[in-house]
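S.K.: Dumping the structure here so I can ask a few things about it.
The values are calculated or read from the model by the stated rules, or taken from the named source; none is laboratory data. This is a predicted model, so every value here is computed, not measured. In this analysis, Cβ positions are derived from the backbone assuming ideal geometry, glycine residues included, and neighbour counts consider all displayed protein chains. Only protein heavy atoms, including side chains, enter the accessible area calculation; ligands, DNA and RNA are left aside. Shrake-Rupley method; radii C 1.70, N 1.55, O 1.52, S 1.80 Å.
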Amino acid sequence: MAEARKPLVIVGASYAGVQLAASARELGFADRIVLVGDERHAPYQRPPLSKGLLSGRTTREQLSLRGADFFAENGIELLLGRRAEALDAAALTVRLDDGARLEAGWIALATGARCRPFTCPGAELAGVFDLRTLDDAERIAEAAHSCARACVIGGGFIGLEVASALRTRGAEVTVVEAQPRLLARAFPPAMSDYVARAHRAQGTQVLTGTGVRELLGDAQGRVAAVVLDDGRRIECEMVVLGIGVLPNDALAQQAGLALDNGILADRLGRSSAPGVLAIGDVAAMELPPAPGVPRRMRLESIQAANDGARAAASLVAGRPEPWRAVPWFWSDQYHLKFQMAGLPQPGDEVVLRGDMASDRFSVFYLRDGVLAAAQSVNRPAEHLHSRKLIAEGTRFGAAELADPSFELRRPAPA
Ligand SMILES: Cc1cc2nc3c(=O)[nH]c(=O)nc-3n(C[C@H](O)[C@H](O)[C@H](O)COP(=O)(O)OP(=O)(O)OC[C@H]3O[C@@H](n4cnc5c(N)ncnc54)[C@H](O)[C@@H]3O)c2cc1C
């Protein structure tokens, strides 16, 4: 009788983990798959947590990542509310918080990221919130019911989405960003200015170039004000933090895997330990090669989690196909849909197409004359074209890209 083979054990039951399980089955992986997740909820979508769920457009029931029968139908054993506490990379075993020990043929770490700790005095006050999970979002939504004034600390995508959702609900909102401009890591100065103008036009106060000195509480221990570095006070009943995330790499660290702001992994998700894979937000995965782009990076996006998982699935299923897609990401703020493709780099030539004042435009990045990245606002078709043109390494002149009458497609060969 053939010996039963050891399972694929996946730690982390969110985008990367669920996609790996699903793709492994699609590609014919026939052994057991065990998916372990420490949250109590069935796998759910995270992007609406800072968008539709907070503004009241999306209900909790609409968040489900897969249909109710998906896991059973695909023979995926889902262990929810269970935490992996130790990894033995040499023996390929995982110990869970209830003492159970899972032996594996493959172990995939898809443990994602957690909010960066906020160390400012007053951080422990009631009414100060992080946002990573459904539970976090529901706590914020609950507090928002009775909140007239909110302060968002951090002017990145999550902070700005929260600001937009709370403002849409009618609260007075202040965004505090320590960098001199919003979204400084992702956007060029003109786009940052556009985003700040868009938020101010909705009545949100945007303060840049200032850190937070302390949070002050009232007699009940609830946050009452944010004190900025320059002494200004923002009176508020709630504070939401959007100050970035750290990879959940404790298991990998304890098991001695190679790390550098995340678990180092190649384009098939292979970590430094044979049989141990790392995918999604926890992984500093090797990127598809592109001129000027770093070799490895943690890309905190649904697409990177899904594509990394598909690549890892191809490996476990015995048909290795390294990750090759152009990175892309989106963000919704008020009536604005931001869509980004490719990874802009310092030194790229920045080209504006369309009129920022119309809230419909794209910003393109040319690297040595080749389209390397694009960011669009309310131009979904242009975003889709750009993704394709970036993948094909298409060459453009700045003037033709800037001309809205120039059809955005691969130029005919000369
Ligand atoms: C509010 C919000 C809005 C976002 N909006 C967008 C967006 O608009 N577009 C976009 O592309 N991306 C967005 N993102 C980012 C996106 O959600 C992440 O890139 C994606 O969730 C990464 O998936 P993942 O599976 O790698 O990790 P995660 O989704 O973080 O999941 C990891 C899971 O592993 C669990 N876990 C961790 N350690 C253990 C352990 N030891 N044992 C068991 N389980 C464990 C965690 O609890 C978690 O459930 C958003 C994120 C947030 C928080």
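S.K.: From the phi of every residue in the stretch 142-154, what ³J(HN,Hα) in whole Hz does the Karplus formula 6.51 cos²θ - 1.76 cosθ + 1.60 yield, where θ is phi - 60° and glycine or proline is x?
M.R.: Listing the rounded values in order: 4, 5, 5, 3, 10, 10, 8, 9, 10, 10, 10, 9, x Hz.
S.K.: GNM on the chain, C-alpha springs below 10 Å: top fluctuator among Ala304, Ala290, Ala68?
M.R.: Looking only at Ala304, Ala290, Ala68, the largest GNM fluctuation is found for Ala68.
S.K.: Then there's this: Output the lone cysteines of the chain: those with no second cysteine's C-beta under 4.7 Å from their C-beta.
M.R.: By the Cβ distance rule, which asks for a partner under 4.7 Å, the isolated cysteines are Cys115, Cys120, Cys147.
S.K.: Quote the FRET efficiency, to the nearest 0.05, computed for Ala190 versus Lys388 with a Förster distance R0 of 41 Å and r equal to the Cβ-Cβ distance. Let's see the in-between values first.
M.R.: On the way: r = 25 Å, r/R0 = 0.61.
Computed FRET efficiency for Ala190 and Lys388: 0.95.
S.K.: Ignoring ligands, DNA and RNA, how do Lys337, Lys388 rank by accessible area with a 1.4 Å probe, largest first?
M.R.: Per-residue accessible area, sorted high to low, gives Lys388, Lys337.
S.K.: Provide Trp328, Trp323 ordered by accessible surface of protein heavy atoms (probe 1.4 Å), highest first.
M.R.: Per-residue accessible area, sorted high to low, gives Trp328, Trp323.
S.K.: Compute a Gaussian network model of the chain, connecting alpha carbons closer than 10 Å, and tell me which residue from Asp69, Asp38, Asp193 fluctuates the most.
M.R.: Among Asp69, Asp38, Asp193, the largest mean-square fluctuation in the Gaussian network model of the chain belongs to Asp69.
S.K.: Based on Cβ point charges of +1 for Lys and Arg and -1 for Asp and Glu, what charge dipole magnitude is obtained for the stretch 245-314 about its Cα centre, in debye rounded to the nearest 20?
M.R.: 160
S.K.: Which loop trypsin sites (Lys or Arg not before Pro) in the stretch 255-330, with loop taken from DSSP, have no more than 14 other Cβ atoms within 10 angstrom of their Cβ? Provide the component values of the computation, followed by the final result.
M.R.: Values: sites: Arg267, Arg270, Arg295, Arg296, Arg298, Arg310, Arg324; in loops: Arg267, Arg295, Arg298, Arg324.
Those satisfying the criteria are Arg295, Arg324.
S.K.: Could you compute the FRET efficiency for Ala398 and Ala219, with r as their C-beta to C-beta distance and R0 at 60 Å, rounded to 0.05?
M.R.: Values: r = 60 Å, r/R0 = 1.00.
Here the calculated transfer efficiency is 0.50.
S.K.: For Lys388, go through the lysines and keep the ones whose alpha-carbon is under 29 Å away, minus same-chain ones fewer than eight residues off.
M.R.: Lys51, Lys337
S.K.: How would Cys115, Cys236 rank on accessible area, largest to smallest, probe 1.4 Å?
M.R.: Cys115, Cys236
S.K.: For the chain, what is the mean residue ellipticity at 222 nm derived from helices alone (per DSSP H run of n ≥ 4: -39500 (n - 2.57); sum divided by total residues; nearest 500 deg cm²/dmol)?
M.R.: -6500 deg cm²/dmol
S.K.: Show me, for the stretch 262-279, the HN-Hα J-couplings you get by feeding each phi into the Karplus relation (A = 6.51, B = -1.76, C = 1.60, θ = phi - 60°), rounded to Hz, glycine and proline as x.
M.R.: Values, residue by residue: x, 7, 5, 9, 8, 6, 10, x, 6, 7, 6, 9, x, x, 10, 10, 9, 9 Hz.
S.K.: Once the mean 1/r over all distinct Cα pairs of the stretch 1-87 is inverted, what Kirkwood radius in angstroms do you read off?
M.R.: 14.2
S.K.: Do any trypsin sites (Lys or Arg not before Pro) in the stretch 28-115 lie in a DSSP loop with no more than 13 other beta carbon atoms within 10 Å, and if so, which?
M.R.: Answer by residue number: Arg40, Arg57.
S.K.: Moving on. Considering the alpha-carbon set of the stretch 1-145 alone, what are its Rg and its Dmax in angstrom?
M.R.: 17.8, 64
S.K.: May I pose another question? From the Cα gyration tensor of the chain, with a ≥ b ≥ c the square roots of its eigenvalues, which class applies: rounded if a/c is under 1.5, or else prolate if a/b is larger than b/c, or else oblate? Walk me through the intermediate numbers first.
M.R.: Values: a/c = 1.96, a/b = 1.17, b/c = 1.68.
Here the chain falls in the oblate category.
S.K.: On to the next question. Where a ≥ b ≥ c are the square roots of the eigenvalues of the C-alpha gyration tensor, would you call the stretch 237-300 rounded, which needs a/c under 1.5, or, failing that, prolate if a/b is larger than b/c, or oblate? Could you put the intermediate results ahead of the total?
M.R.: On the way: a/c = 2.98, a/b = 1.37, b/c = 2.18.
Oblate, because a/c is 1.5 or more while a/b does not exceed b/c.
S.K.: Also, I was wondering about something else. Would you kindly calculate the mean projected area, averaged across all directions, of the convex hull enclosing the Cα atoms of the stretch 323-408, in square nanometres?
M.R.: Averaged projected area of the stretch 323-408's Cα convex hull equals 5.7 nm².
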